[in-house]
Amino acid sequence: MSVVVLSAYKYFYTLYMNKDKLLKKFGEKVKLKRAELKLTQEGLAFKCGFDRTYISLVERGLRNISFSNLSILAEGLNTTISSLTKEL
């Protein structure tokens, strides 16, 4: 393999690994905020119009949430998008 191909592979692998870490950190923040409000996953899902399994996937970092759903989720958690994404 050429150096260029190996460099590209390393670059995209690093991006992929950072994405996983980012989604996990975001999910942890959502879970903490939900716990502060004493909401179950089911309760938060109902407030947002989502399925409970969607909330579970987001909290475990297994779902890459869209911007529009991020806005709905922030509203359901009585917070802002910026506070949910701060220091990720």
Task: Neighbours by Cβ (under 6 Å, 6+ apart or cross-chain): first from region 55-84, within 13 Å of ALA45 (Cα to Cα); second in a loop (DSSP other than H, G, I, E, B) - done: LEU57/ARG63; VAL58/ILE65; ALA74/THR80
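Considering SER66, SER71, SER2, which residue is modelled with pLDDT under 95 and small (Gly, Ala, Ser)?
Values: SER66 fails: modelled with pLDDT under 95; SER71 fails: modelled with pLDDT under 95.
Being modelled with pLDDT under 95 and small (Gly, Ala, Ser) holds for just one of SER66, SER71, SER2, which is SER2.
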Open item on the list: List pairs: first residue in region 10-32 and in a helix (DSSP H, G or I), second residue at pLDDT below 85 anywhere in the structure, Cβ distance under 8 angstrom, at least six positions apart or on different chains.
Closed with: LEU22/LEU88; LYS25/LEU88; PHE26/LEU88; LYS29/LEU88
TODO: Output the residue which, of all residues in region 35-67 that are of a type in the set (S, T, N, Q) and within 22 Å of ASN18 (Cα to Cα), is surrounded by the fewest Cβ atoms within 10 Å (Cβ to Cβ).
DONE: SER66
Open item on the list: Here's a check for you: in region 68-88, which residue that is among the small types (Gly, Ala, Ser) and surrounded by fewer than 16 Cβ atoms within 10 Å (Cβ to Cβ) is nearest to LEU32 (Cα to Cα)?
Closed with: SER83
Task: All positions within region 33-73 that are of a type in the set (Lys, Arg) and part of a loop (DSSP other than H, G, I, E, B) - done: LYS38, ARG60, ARG63
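The values are calculated or read from the model by the stated rules, or taken from the named source; none is laboratory data. These numbers come from a predicted model, not from an experiment. Reconstructed Cβ throughout: ideal geometry from the backbone, glycine too, with neighbour counts over all protein chains shown.
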